[in-house]
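Each remark here refers to the structure printed beneath this line.
The values are calculated or read from the model by the stated rules, or taken from the named source; none is laboratory data. All values reported here derive from a predicted model rather than from experimental measurement. Cβ coordinates were reconstructed from backbone atoms using ideal geometry, including for glycine residues, and neighbour counts include every protein chain displayed.
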Amino acid sequence: MRTVLVTGGAGEIGSAICRKFAENGYNVIATYNSNSAKAEKLLAELNDVIPPSGLRGLHNIFHAPTTDAQKLIDLKAFVAEKYGKVDVLVNNAGITTPVQHDDLDGLTDEWIDKIMQTNFRGSFAMVRAMRDLLNKASDESNESSLIVNISSIAGIYGIGSNVAYCASKSAIDSMTRSLARALAPKIRVVSVSPGFVEGEYTKNFDPAYLQNQMDNTPLGRFANGVDVANVVFSLATSMTFSTGNIITVDGGRLLK
């Protein structure tokens, strides 16, 4: 049975990705940072899923902030013992805060560091921690294992919740290209780059900003977690000759 590890698994996008893989018979490990209640709820939902084959995966949650080096060591040991390998790693954990791009004083050094440490450094640290288990999956299946970095069109377009967030997503896309080259052929690496994703976090934004984003999306709606999950799952199962790509899930936002 194949195994997927999803960081930030209890959030809007992460939980949709976890459910998609559970519905298709994967073992699912979801990491979380601070919201244990949401993680426990997700685990209960995953354990209720019955795939068409009838064979349920072995699902787990694990407290592992991606900025905590010791926690990542503990996570690797846990995954190695319980599952032996990782077929798909989804780097989904990320943070941001709304700050107008022209408000240079409003974007504090503290927030710049937090965003870069979690979004970029944390994703790289997770790849570093799981590389051996990804290689093991590749060796056993004779197919490339997969890393999906959840990015954002903010990294391409420079429009997003704040300047540092845009920079962090651009860094993730650059890392995707570098690692796709460095880790091939055993490991594929792809960025999935959504536009604005509707969810709980939407409440943090000014309604006028949200309307502007909607008006500038040719397909006339925001993405949701399922939209992103479908692309991630396709990369794992169908788009198996893709690596180093930046795949947008934005309803055509970049056309405007």
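At-a-glance table
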{"quantity": "The lone exception for residue 15 - which of (1) within 24 Å of residue 235 (Cα to Cα); (2) surrounded by fewer than 23 Cβ atoms within 10 Å (Cβ to Cβ); (3) out of contact with any strand residue (DSSP E or B) (no Cβ under 7 Å at 6 or more places or on another chain); (4) of a type in the set (S, T, N, Q) it fails", "calculated": "(2)"}
{"quantity": "First in the stretch 41-52 and part of a loop (DSSP other than H, G, I, E, B), second anywhere and surrounded by 14 or more Cβ atoms within 10 Å (Cβ to Cβ) and not charged (D, E, K, R), Cβ under 7 Å, 6 or more apart", "calculated": "49/22; 51/24; 51/25"}
{"quantity": "Scan of the stretch 53-79 for residues that are part of a loop (DSSP other than H, G, I, E, B) and touching a helix residue (DSSP H, G or I) at 6+ places or on another chain (Cβ under 8 Å), ordered by number", "calculated": "56, 57, 58, 59, 64, 65, 66, 67"}
{"quantity": "Selection status of residue 137, more than 15 Å from the chain's Cα centre (by Cα), in a helix (DSSP H, G or I) and within 20 Å of residue 6 (Cβ to Cβ)", "calculated": "yes"}
{"quantity": "Wholly enclosed strands (runs of 3 or more DSSP E) of the stretch 142-256 bearing at least 2 residues modelled with pLDDT of 95 or more and polar (S, T, N, Q)", "calculated": "145-150, 187-194"}
{"quantity": "Residue check, residue 22 in a helix (DSSP H, G or I) and either among the small types (Gly, Ala, Ser) or farther than 30 Å from residue 109 by Cα (or both)", "calculated": "yes"}
{"quantity": "Conditions (1) part of a loop (DSSP other than H, G, I, E, B); (2) under 23 Å from the mean Cα position of the chain (by Cα): number failed by residue 103", "calculated": "(2)"}
{"quantity": "Pick from the stretch 178-224, criterion among the charged types (D, E, K, R) and out of contact with any Ser or Thr (no Cβ under 8 Å at 6 or more places or on another chain), ranking: surrounded by the most Cβ atoms within 10 Å (Cβ to Cβ)", "calculated": "198"}
{"quantity": "Any hit, the stretch 215-222, residues being under 14 Å from the mean Cα position of the chain (by Cα) and farther than 13 Å from residue 194 by Cα", "calculated": "no"}
{"quantity": "Matching entry among 92, 47 (being under 19 Å from residue 21 (Cα atoms) and out of contact with any Lys or Arg (no Cβ under 8 Å at 6 or more places or on another chain))", "calculated": "92"}
{"quantity": "Unique residue being buried (at least 19 other Cβ atoms within 10 Å of the Cβ), on the phi < 0 side of the Ramachandran plot and either under 14 Å from the mean Cα position of the chain (by Cα) or in contact (Cβ under 8 Å) with a residue 60 or more places away in the chain (or both) when the list is 93, 154", "calculated": "93"}
{"quantity": "Qualifying position, being touching a Lys or Arg at 6+ places or on another chain (Cβ under 6 Å) and farther than 14 Å from residue 126 by Cα, among 26, 83", "calculated": "26"}
{"quantity": "Positions within the stretch 114-140 being surrounded by fewer than 18 Cβ atoms within 10 Å (Cβ to Cβ) and within 30 Å of residue 207 (Cβ to Cβ), in sequence order", "calculated": "114, 116"}
